[in-house]
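A.B. asks: First the structure, then my questions, so here it is.
The values are calculated or read from the model by the stated rules, or taken from the named source; none is laboratory data. Small disclaimer: the values here were computed from a predicted structure and weren't measured. Because the Cβ atoms are built from the backbone with ideal geometry, glycine has one as well, and the counts that use them run over all protein chains shown. The protein model used for the area step is the full one, side chains on, heavy atoms only, and it has no ligands, DNA or RNA in it. Shrake-Rupley method; radii C 1.70, N 1.55, O 1.52, S 1.80 Å.
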Amino acid sequence: VDIERVVNGDLEISKLVYYHRHGEEDVLESYLEGWAQAVKDASKVERVAKIMRRSRYDIISEILSVTRDGARPTRIMYKSNLDFRQKERYLSCLLGAGLIRIRTNSPLVYETTELGVEWLKRYRKIAL
């Protein structure tokens, strides 16, 4: 079963009816299993595509949301879906812009500043 056809809802219902009416239950079962796998694959594709389509501002928004009450670097990286280099780049940029600050050094905890909270509110308002 073609993933694109499943995503678009273009399943061949007539084939399913034909297999059922003609007692070809094994073919029907195989077809349905293939369809179920295609649906799973399509949802994976959609999730990956969603992550890949994030803008720089979406990522900044996610980081600011995660750090609102304070967060360690690993939590920021995982919750924002970033790799190590991306995390370092964004945190450096946000620190320089005054949108986040270091709350404690040991352990290292980042926190959103008032300016960051205001940026986040405005971004959410225009992103809707």
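A.B. asks: When you scan region 112-128, how many residues do you find that are open to solvent by 30 Å² or more (accessible area, probe 1.4 Å) and in contact (Cβ under 8 Å) with a residue 24 or more places away in the chain?
C.D. replies: 4
A.B. asks: Pick out, from region 70-128, the helices (runs of 4 or more DSSP H) lying fully within it that include 1 or more residues that are out of contact with any helix residue (DSSP H, G or I) (no Cβ under 8 Å at 6 or more places or on another chain) and among the aliphatic types (A, V, I, L, M).
C.D. replies: Correct list: 84-97, 114-127.
A.B. asks: Given ARG54, ARG72, ARG68, which one is modelled with pLDDT of 65 or more and under 19 Å from the mean Cα position of the chain (by Cα)?
C.D. replies: ARG54
A.B. asks: Return the pairs, sorted by first residue and then second, in which the second residue is among the aromatic types (Phe, Trp, Tyr), the first residue lies in region 81-104 and is buried (at least 18 other Cβ atoms within 10 Å of the Cβ), the beta carbons are less than 6 Å apart, and the residues are 6+ apart or on different chains.
C.D. replies: Qualifying pairs under 6 Å: LEU99/TRP119; ILE100/TYR110.
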